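Peer 1: The following block contains the structure, expressed as structure tokens.
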Amino acid sequence: MDLPRPVAGPGELLVRVSFAGVNPFDAKIADGILEGHRPHVFPLVLGVDASGVVEGVGGNVDRFRVGDQVLGQFLHDPIGIGTYAEYSTVPQSIGVARVPDGLSLAEAAALPTAGMTALAALDELGLARNGSVVIVGASGGVGSLATSLAANRGLRVIAIARAGSSDRLLRLGAREVIDPSPDDWMETLRARYPEGVDGLIDLMSDRSGLARIASVVRRGGTVLTTKYVADLAELERSSRRGVNLDLQPNSELIGRLIRQVVDARLEVPVERRVSLPDAPAALAELIAGRGRGKTVVDLSL
């Protein structure tokens with residue numbers, strides 16, 4: 001079905017998409033996670049992250065001009081004007097910025113949601129230099145960027161990921177990688193850090209899994225999950241702080257993210273480029289836990 005070209009409304013940019021980032025949240029939108037909470041438009045076009053070129057601006061746009069290369073998280077009402085498309089629109093007021101020198105358009109599309117999530121998680125932990133942080137699910141997009149950003153802050157990163165990702169995560173800055181395949185992997189972690197670690201970023205576990213892993217965090221430390229499964233009261237009873245991270249994208253956050261990535265020359269983990277027809281299969285692999293780093297949809301393929 002040929003869809004009409006979107007039009008930039010007041011305060012919006014019309015962007016010709018070069019690359020679209022693939023995120024697990026894309027599948028959640030398709031499954032109706034926002035149904036009843038936010039207006040939708042059909043047929044539903046998926047995708048929230050993108051990079052591309054501004055081809056039109058609506059009234060009151062004062063931050064961007066036609067011809068600017070931009071990146072950002074494009075999620076806005078109505079849901080369904082996504083980035084798996086030749087054109088998409090985005091309000092200038094949310095998490096969108098110009099693509100800086102030194103960042104390719106493919107890297108730019110991979111960065112917004114995963115990078116802002118990683119940066120917001122580290123901000124929430126607030127660990128001092130030389131603090132220790134365990135990252136569960138470190139091989140994925142958020143985990144890879146969290147590893148780089150945390151290492152750049154001088155943190156000791158203990159990455160929990162399959163052995164096949166070990167070399168890549170060590171290159172990104174992890175001090176060590178522990179394979180969660182053996183049943184006793186948490187005992188290995190406790191043996192290496194008998195006093196406990198300072199913080200935990202868990203990108204994978206369910207409620208019961210998080211409760212078990214939280215025990216490796218020292219009293220007074222912070223347990224953070226992006227799955228919104230932390231029992232905050234129970235963690236408080238054990239003298240640990242719990243955080244169910246709810247990402248709030250904004251221009252300030254993505255601006256800080258870009259500066260940190262570019263200034264420190266951090267690697268943006270683009271592991272795979274796919275064509276638009278191959279995007280559903282790539283998303284399915286990501287949901288099944290078989291993805292490493294970031295996948296982007298190349299609209300030129």
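Computed from the coordinates by the stated procedures, all read-outs in this text should not be read as laboratory data. Quantities reported herein were computed from a predicted structural model and do not represent experimental measurements. All Cβ positions, glycine included, derive from the backbone under ideal geometry; neighbour counts span all protein chains shown.
Peer 1: Determine the sum of side-chain charges near residue 234: Lys and Arg each +1, Asp and Glu each -1, restricted to other residues whose C-beta is under 14 angstrom from that of residue 234.
Peer 2: The answer is +4.
Peer 1: Hey, got the dipole for region 114-244? About the Cα centre, +1 on K and R Cβ, -1 on D and E Cβ, debye to the nearest 20?
Peer 2: For this selection, approximately 300 debye.
Peer 1: Which of 51, 154, 250 sits farthest toward the positive end of the charge dipole of the chain, with +1 on the Cβ of Lys and Arg and -1 on the Cβ of Asp and Glu?
Peer 2: My answer, from the dipole projection, is 154.
Peer 1: Alpha carbon centre of region 121-183 versus region 67-103: separation in Å?
Peer 2: So the two Cα centres are separated by 28 Å.
Peer 1: Consider just the alpha-carbon atoms of region 2-125 and return their Rg together with their Dmax, both in angstrom.
Peer 2: When restricted to Cα atoms, region 2-125 yields Rg and Dmax of 14.0, 46 Å.
Peer 1: Provide the descending list of Cα extents for the chain along its principal axes, expressed in whole angstroms.
Peer 2: Reported extents, whole Å, longest axis first: 59, 40, 34.
Peer 1: What ranking of 113, 188 emerges when the number of other C-beta atoms within 10 Å of each C-beta is taken as an exposure proxy, fewest first?
Peer 2: Lowest to highest Cβ neighbour count: 188, 113.
Peer 1: For region 125-194, go through all pairs of different Cα atoms, get the mean of 1/r, take its inverse, and jot down that Kirkwood value in Å.
Peer 2: Final number for the Kirkwood radius of region 125-194 is 11.9 Å.
Peer 1: Based on the alpha-carbon gyration tensor of region 114-244 and its eigenvalue square roots a ≥ b ≥ c, which shape applies: rounded if a/c is under 1.5, prolate if not and a/b is larger than b/c, or oblate?
Peer 2: Rounded.
Peer 1: How much length is gained if the chain between residue 278 and residue 30 is pulled fully straight, taking 0.36 nm per residue apart and subtracting their Cα-Cα distance, in nm to one decimal?
Peer 2: 87.6 nm
Peer 1: May I ask for the Kirkwood hydrodynamic radius of region 32-77, worked out over all distinct Cα pairs and given in angstroms to one decimal?
Peer 2: Kirkwood radius, region 32-77: 12.8 Å.
Peer 1: Follow-up question, since we're still on this one. Residue farthest toward the positive end of the dipole of region 81-173, with Cβ of Lys/Arg at +1 and Asp/Glu at -1: which of 165, 118, 83?
Peer 2: 165
Peer 1: Beyond 17 Å, what share of the Cα-Cα pairs of region 84-170 is found? Please give it as a whole percent.
Peer 2: Considering region 84-170, 56 percent of its Cα-Cα pairs are separated by more than 17 Å.
Peer 1: Using unit Cβ charges (K, R positive; D, E negative) and no other charged atoms, how large, in debye to the nearest 20, is the dipole of the chain about its Cα centre?
Peer 2: It works out to roughly 780 debye.
Peer 1: Would you grab the residues whose amide H sits under 5 Å from the one on residue 50? Only those 5+ places off in sequence or on another chain, please, with H modelled 1.01 Å from N.
Peer 2: For residue 50, the qualifying residues are 21, 72, 74.
Peer 1: Let me ask something additional. Through the Karplus equation 6.51 cos²θ - 1.76 cosθ + 1.60, θ set to phi - 60°, convert the phi angles of region 78-91 into ³J(HN,Hα) values in whole Hz; use x for Gly and Pro.
Peer 2: x, 5, x, 8, x, 9, 7, 6, 5, 10, 8, 10, 8, x
Peer 1: In addition: In whole Hz, what ³J(HN,Hα) sequence does region 265-280 give by Karplus (6.51, -1.76, 1.60; θ = phi - 60°), x for Gly and Pro?
Peer 2: Karplus values, whole Hz, x for Gly and Pro: 6, 6, 7, 8, x, 7, 9, 8, 10, 10, 7, 4, x, 8, 4, x.
Peer 1: A further question follows. Taking the Cα centre of each part, how many Å lie between region 257-293 and region 12-41?
Peer 2: Region 257-293 and region 12-41 have Cα centres spaced 16 Å from each other.
Peer 1: Residues with beta-carbon under 14 Å from that of residue 44, excluding residue 44: net charge, scoring Lys, Arg +1 and Asp, Glu -1?
Peer 2: Neighbourhood net charge equals -2.
Peer 1: Now for a different question. Of the DSSP beta bridges with both residues in the chain, give the percent that are antiparallel, rounding to the nearest 5.
Peer 2: 45
Peer 1: Additional query: For the chain, with a Gaussian network of springs between Cα atoms less than 10 Å apart, report the residue from 29, 135, 258 with the top mean-square fluctuation.
Peer 2: Comparing 29, 135, 258 in a Gaussian network model of the chain, the most mobile one is 29.
Peer 1: Under the Karplus relation 6.51 cos²θ - 1.76 cosθ + 1.60, θ = phi - 60°, what is the ordered set of whole-Hz ³J(HN,Hα) values for region 19-29, x standing for Gly and Pro?
Peer 2: Those phi angles translate into 9, 10, x, 9, 10, x, 5, 4, 5, 5, 4 Hz.
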